[in-house]
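J.: The structure follows.
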């Protein structure tokens, strides 16, 4: 095809056989419209019908928001189809009253040649298909119709399809227009205008006119504009010809503060213009004009003008540079982000100058020549190499430009050789019988749903054959304190070290549809060239894989053409090193030559598209590793990342362009069609790490290869990690030790009940999810923060008190250290820097004493109250500020944990007009951030929570002799209890809150959110509600919030949608999504706990199992509805139209720890109280018996609970090792023995 780029349009000409297309793309600024006119010509001798399908992904948000978290941004967008004008519309629901709503329209127009109706699609998952991309969408497969889905589709797109019929030699045009309007009325006016066959030509004419007016206003020629556009391309994508030489890029070790010191942010691409004399002013003026041209088009670029003239008393050149900036450029942009910066070279230090040179993406030497000539004379891109570097020299490589025509011919032939060699034979004809991937007979089915099943060990096994994948990624999060990775059943995911947001080793793809892979292991047959992967992706093929996710490891098994592979992925136990152990077995009857290629895309920061210009790579021959470093972020300046294999490296490259090829993908890397890798390393080369080795296997031979991906605090530590883990035996042992540690941790409490789905969640997955993902990773596929949330991880550690009490203690101290001297706390913070958000959320601070109380009662660790922890300080929030992100200062003032808790409770205890605590900008439900935005709104739920915490902590105050504090806390709790009963009761349930103006929320009189779950459940959990009202409130919860048909428990109903009262950004969510009327699992588990405390064991169990993900995925049909992983808890389950029962975000949710506690403590009735166990069974009557094994040091307590049907709840009789116990507690002794405990309902005496 041919591409033509003009000032007013872009035109693509393409020929596919006898069909020729011409696509013209133009923008009409007056209508905020982009028009794409496609003209199709039939050059054949017969009538042809051609189908045209458009596709565009809807954002309607700033680019930064879309890059940072697209899955979140999509939850506010809804789509609609309008038959009358053949248009799809999309609008983003505003998150606040001040947010300007936008309407986006996609409309198609065609002439008389169109045949049949227009079809449409707005659901990206349906259009693309799982595991696919825009290169092979499911909608373009034969029979791949557009579904017509609209509404809350969760991942919105625009797609329109039409068909034209063409006689021989005939042409027809179809125009697809996308536009944005600020109102519904304007959107429909424009949709009507562009639903016209002549609208496209009018738009193209307007675009030409507009471009001419623009050029005249800027005093530019079309040639000038073309040069500016070309230069812009180099700014976006980088070019070795225009950047600093490799020697400068390699030497630079500077970080962003060096740019800040010179007034430059470093957040935008930099053009470095160097001028030494007045002769260079013509070039500089043209560059200033280019900068103004870019700004007019929304391009943020910092133009840094470096005056290199030797210093003199006369500053003639300096004055003329400033005059040019004012005359030609935009005077308002001087020394502002995206503006013009004038600096003198003689005033810059050597490190500052080197940092500026290395960071600038384009260098322009202002010597008087026109910019066009500067670009035209740019030298051939220098080859990155190891020359002059402190590492071992690289393997040699041929010059890329020499014999280029011959090279192109050789590459074309090489690309087709594998096909030619395998034609008519294929992998299936190779000798060697195929076996099931797992080897041997399959284990008996446990909850097999057609996609996967539980194994006897509690792992989850998934079967992938060809492109038959689960409807959403089924992933595993494997982490330790220092790093970790996410892996999906396709092999997608990402890896990080130290912080899963700020130091991602490979890219985080927030894309559950395509699930792209940025890490891959390729195997290639040395005789046929056939290529496949050790995981189902990224290379598509029709073989079968067996994937097993477990605690601390995931495995992939596969067999292809007599070659069996078994890949184990895990982490070193106490280091940020991902270890992959690949076992390759030749089951063929002949010797096999294989090439193994590993590939990772470096990020070394937050977003690869930003950091790709900053990463430096070298090859370390001694360790068989590619090393990578990014010094831009000062927090990670010295950190060294590495990728290595245990086998001798035969070739390598650190250039993504070399490996994938121009416009290439990981599914078909160009380098693997050429043979050996190119040996490129350096800086600014779009970095990756690809290593290649040869495997020569005799029949029956097995070889193991270790693949390492990690990072050290510096180069020395990185090399130590390589030496420690690169040998296969050491790598395998490290993974086994980590897996064994998980087994030990998760077996502290083991339950066996009549229900295997209950056991699997308690014995393995909930606790693993809470610790591996929520506590250590703080990232998953749907969300990646890397931050600690004050209330979030505090609640998580409440589940660790049985298996890892030390972790709970450690985090209590960590959280206490994020408290300000005034008593409030950081809502969330990044641990590597301490930066975080100070807010007016009303509940955060009270979670510290709440969790400390739970920890004390469970462990008996009273000395933790005496631990001294510093306070923070920073400027207080202004009267109109709701939050501020900043770096607080750690003060010299320290307080005991006890003092921190007291300050938190005193600060939390506020009072509004109804005597209830003020809600601030939200309580537990962050989305209700405008209920009390003026400072007068009140929270009923917060009253219950504070009553609970105040009364519990009063006991600790009493124990310490603080009778005054204890009395004050009890009085405050009593006042709140009275206020709730006086002003919180609505007649059949408790209200949720009061708006600033005194209007109740969660009331029968509310038009939306008439009832909210947590105000009811906490009336029971707190023990403070009137018993009759508690019972009525829970009946109302059951009646209005429990959906037995969809087996879920809603947070509130009806969802916010049209109400005139503004509760906050919760109303921006689509109705039935996340907190806005979906099941929010965290709160649903509180409802289950409240039901347990009410004494209804059967209903408690039924509700718990409604939440259990394994019960939502029992059949293939259920999987298609629920979609997400069957083995981990989802944060939410949707009730939105068309999405009823669909699981939301998984893994990264506080629901996991609550599910563990509600199951163990609420249903099975086990609680630890210091050196004693208490068992108060609330199990369903249908369970005649269940067992809890509890490890206490070296002792094992086997607790058998006999649950006689019809027996009274409450009092129990205990025996231990056959001896009756007085009371209802089990004393714990670490004597290394096994103790058998029986628990029976106590027989009540017969009364007459």
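The values are calculated or read from the model by the stated rules, or taken from the named source; none is laboratory data. Here the structure is a predicted model, which is why all the values come from computation and not from measurement. Because the Cβ atoms are built from the backbone with ideal geometry, glycine has one as well, and the counts that use them run over all protein chains shown.
J.: Quick one: residue 298 ticks every box in (1) surrounded by 15 or more Cβ atoms within 10 Å (Cβ to Cβ); (2) under 35 Å from the mean Cα position of the chain (by Cα); (3) assigned to a loop (DSSP other than H, G, I, E, B) except a single one, so which number is it?
T.: Result: residue 298 fails condition (1) only.
J.: Taking only the range 19-41 into account, find how many residues are outside any strand (DSSP E or B) and either buried (at least 18 other Cβ atoms within 10 Å of the Cβ) or touching a helix residue (DSSP H, G or I) at 6+ places or on another chain (Cβ under 8 Å) (or both). Please lay out each step first, then the result.
T.: Narrowing the range 19-41 to residues outside any strand (DSSP E or B): 29-32.
Retained after the next criterion (residues that are either buried (at least 18 other Cβ atoms within 10 Å of the Cβ) or touching a helix residue (DSSP H, G or I) at 6+ places or on another chain (Cβ under 8 Å) (or both)): 29-31.
Final tally of qualifying residues: 3.
J.: On to the next question. Could you check the range 1066-1095 and list, in sequence order, the residues that are over 19 Å from residue 1154 (Cα atoms) and either free of Cβ contacts under 8 Å to residues at least 24 places away in the same chain or assigned to a loop (DSSP other than H, G, I, E, B) (or both)?
T.: Within the range 1066-1095, 1069, 1070, 1071, 1072, 1077 meet the criteria.
J.: With the structure loaded, tell me whether residue 548 is over 21 Å from the mean Cα position of the chain (by Cα) and over 30 Å from residue 635 (Cβ atoms) or whether it fails that test. Show your work before the answer.
T.: On the way: over 21 Å from the mean Cα position of the chain (by Cα): yes; over 30 Å from residue 635 (Cβ atoms): yes.
Yes.
J.: Separate question: Just the residues that are surrounded by 22 or more Cβ atoms within 10 Å (Cβ to Cβ) and assigned to a loop (DSSP other than H, G, I, E, B), please, taken from the range 540-560.
T.: 551, 552
J.: Looking only at the range 885-925, which residues are under 30 Å from the mean Cα position of the chain (by Cα) and crowded, with 17+ Cβ neighbours inside 10 Å?
T.: Listed by number, the residues that qualify are 888, 919, 920, 921, 922, 923, 924, 925.
J.: Same structure again: So for the range 598-620 (the condition being outside any strand (DSSP E or B) and over 25 Å from the mean Cα position of the chain (by Cα)), does at least one residue qualify?
T.: No, the range 598-620 contains no residue that is outside any strand (DSSP E or B) and over 25 Å from the mean Cα position of the chain (by Cα).
J.: Give just the number: which of (1) over 25 Å from residue 776 (Cα atoms); (2) at pLDDT 95 or above does residue 1143 not satisfy?
T.: With (1) over 25 Å from residue 776 (Cα atoms); (2) at pLDDT 95 or above applied to residue 1143, the lone miss is (1).
J.: Another question about this same structure. Taking residue 1200 as the residue in question, decide whether it is at pLDDT 95 or above and in a strand (DSSP E or B).
T.: In short, yes.
J.: For the range 870-884, indicate whether the set of residues that are surrounded by 19 or more Cβ atoms within 10 Å (Cβ to Cβ) and either out of contact with any strand residue (DSSP E or B) (no Cβ under 6 Å at 6 or more places or on another chain) or outside any loop (DSSP other than H, G, I, E, B) (or both) is non-empty.
T.: yes
J.: Pairs under 8 Å by beta carbon, first residue at positive phi in the range 202-231, partner surrounded by 14 or more Cβ atoms within 10 Å (Cβ to Cβ), six or more apart or different chains?
T.: Pairs that qualify, where the first residue is at positive phi and the partner is surrounded by 14 or more Cβ atoms within 10 Å (Cβ to Cβ), are 219/289.
J.: In the range 1164-1195, what residues are outside any strand (DSSP E or B), surrounded by 17 or more Cβ atoms within 10 Å (Cβ to Cβ) and either on the phi > 0 side of the Ramachandran plot or free of Cβ contacts under 8 Å to residues at least 60 places away in the same chain (or both)?
T.: Listed by number, the residues that qualify are 1165, 1176.
J.: Taking the stated definitions as given, is residue 811 free of Cβ contacts under 8 Å to residues at least 60 places away in the same chain and part of a helix (DSSP H, G or I)?
T.: Criteria met by residue 811.
J.: If I ask for residues that are under 26 Å from residue 471 (Cβ atoms) and either in contact with a helix residue (DSSP H, G or I) (Cβ under 6 Å, 6 or more places away or on another chain) or without any contact (Cβ under 8 Å) to a residue 12 or more places away in the chain (or both), which ones from the range 1096-1117 would you list?
T.: Step one: list which residues in the range 1096-1117 are under 26 Å from residue 471 (Cβ atoms), which gives 1103-1117.
Within the range 1096-1117, 1103, 1104, 1105, 1107, 1108, 1110, 1111, 1112, 1113, 1117 qualify.
J.: Also, quick follow-up: Go through the residues of the range 956-965 one by one and say whether even a single one is within 27 Å of residue 1087 (Cα to Cα), at pLDDT 95 or above and surrounded by 21 or more Cβ atoms within 10 Å (Cβ to Cβ).
T.: There is no residue in the range 956-965 that is within 27 Å of residue 1087 (Cα to Cα), at pLDDT 95 or above and surrounded by 21 or more Cβ atoms within 10 Å (Cβ to Cβ).
J.: Output the residues belonging to the range 989-998 that are surrounded by 15 or more Cβ atoms within 10 Å (Cβ to Cβ) and part of a loop (DSSP other than H, G, I, E, B).
T.: Those that are surrounded by 15 or more Cβ atoms within 10 Å (Cβ to Cβ) and part of a loop (DSSP other than H, G, I, E, B): 989, 991, 992, 995, 996.
J.: Moving on to the next point. Of all residues in the range 976-988, which are part of a helix (DSSP H, G or I) and either under 43 Å from the mean Cα position of the chain (by Cα) or surrounded by 21 or more Cβ atoms within 10 Å (Cβ to Cβ) (or both)?
T.: Scanning the range 976-988 gives 976, 977, 979, 980, 981, 983.
J.: I've got another one for you. Tell me, which residue of the range 328-351 that is in contact with a helix residue (DSSP H, G or I) (Cβ under 8 Å, 6 or more places away or on another chain) and part of a helix (DSSP H, G or I) is modelled with the lowest pLDDT?
T.: 331
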